[in-house]
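The values are calculated or read from the model by the stated rules, or taken from the named source; none is laboratory data. Every value quoted in this text rests on a predicted model; they were computed, and no experiment measured them. Note that we place each Cβ from the backbone using ideal geometry, even for glycine, and neighbour counts take in every protein chain shown. For accessibility, only protein heavy atoms count, side chains too; no ligands or nucleic acids. Shrake-Rupley method; radii C 1.70, N 1.55, O 1.52, S 1.80 Å.
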Amino acid sequence: MFSRIIEEVFPFLYFYYIANKKTVSVYDITFSNFEFYSGLSDEKIVERLESEHNRAKEIDDKTFKFTLALSISLSIISAGASGVVKFLPESHLSPYISFVFFLSSFYMLCGGLISLGSLKTLPKFGYGTYFEINKNRESLIKAIIGQEKVNIIRHIRNELSYMSLRNGFLLILFALILCLFILATSFFMSHLRFEPLTSYCL
């Protein structure tokens with residue numbers, strides 16, 4: 001439960017914790033893992049391995065091209081929107097709004113930094129001359145297990161990058177709602193007029 005809260009509220013912290021943990025276990029293959037894949041034929045394992053290689057490329061492309069671009073765009077929007085605070089009527093909420101805008105930009109940048117990790121080279125299993133020369137059933141099973149684990153890291157990176165952007169976007173919306181609240185309050189306070197009670201008696 002606590003780890004889930006950390007993941008939702010601080011996805012960038014959770015990413016570095018879980019990514020390091022998963023990376024260390026990439027080369028760990030248990031007997032149950034090995035036994036699970038033993039039910040597949042060699043041809044099917046090769047097919048699955050190729051599928052995982054393609055999936056790795058698709059996840060990296062999505063993370064880098066889409067998430068990073070969105071992170072930069074939303075960071076610029078957040079920084080620009082924070083300038084609205086200077087034009088708001090005087091309010092005790094103004095410093096808090098500025099802080100929320102700053103926090104949203106921080107989340108956006110964290111999402112961008114996580115997505116930049118897609119440029120980092122991760123291990124690729126079932127690939128290269130050495131693998132081809134020594135290819136056998138055992139090496140195929142080890143390759144598919146390793147490649148799936150590495151792709152889980154890619155998936156986590158993409159998901160937590162998105163969550164950072166989501167949190168930043170929600171903070172922008174919250175700050176804008178506070179801005180509208182200040183404007184609405186100022187408008188009603190300046191236009192509201194109270195008629196004297198005697199006017200209703202005449």
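What to note about this one:
- Computed Rg/Rh of segment 81-124, alpha carbon atoms with Kirkwood Rh: 1.32
- Shown in residue order for segment 106-121 are the 3J(HN,Hα) couplings computed by the Karplus curve 6.51 cos²θ - 1.76 cosθ + 1.60 at θ = phi - 60°: 4, 5, 4, 5, 5, x, x, 5, 5, 5, 5, x, 5, 7, 6, 6 Hz (x for Gly and Pro).
- Rounded to the nearest 20 debye, the dipole size of the chain about its Cα centre is 260 debye, using +1 on the Cβ of Lys and Arg and -1 on the Cβ of Asp and Glu.
- Per-q log10 I(q)/I(0), segment 8-124, q = 0.23 Å⁻¹ (Debye; single scatterer per alpha-carbon; no solvent): -1.28
- In terms of accessible area, using a 1.4 Å probe and ignoring ligands and nucleic acids, VAL9, VAL100 rank largest first as VAL9, VAL100.
- Heavy-atom accessible area ranking, 1.4 Å probe, most first, across PHE12, PHE66: PHE66, PHE12
- Helical runs assigned H by DSSP (4 residues or longer) give the chain a calculated mean residue ellipticity at 222 nm of -24500 deg cm²/dmol, each run adding -39500 (n - 2.57) before division by the residue total.
- Cut-off 11 Å, label 7 Å out along Cα→Cβ of THR30, residues of segment 138-158 by amide N: none
- Rounded tilt (10° steps) of 11-24 against the dominant C-alpha axis of the chain: 10 degrees
- Under 13 Å of direct C-alpha separation, and excluding same-chain neighbours fewer than eight residues apart, LYS44 reaches these aspartates and glutamates: GLU52.
- Across the accessible surface of the chain, with the other protein chains kept in place and a 1.4 Å probe, carbon and sulfur atoms take up 68 percent.
- Site pair THR121 and TYR17 shows an inter-label distance of 3.1 nm when each label is modelled 7 Å from Cα along Cα→Cβ.
- For the chain, the relative contact order works out to 35 percent when only alpha carbon pairs closer than 8 Å and six or more residues apart are counted.
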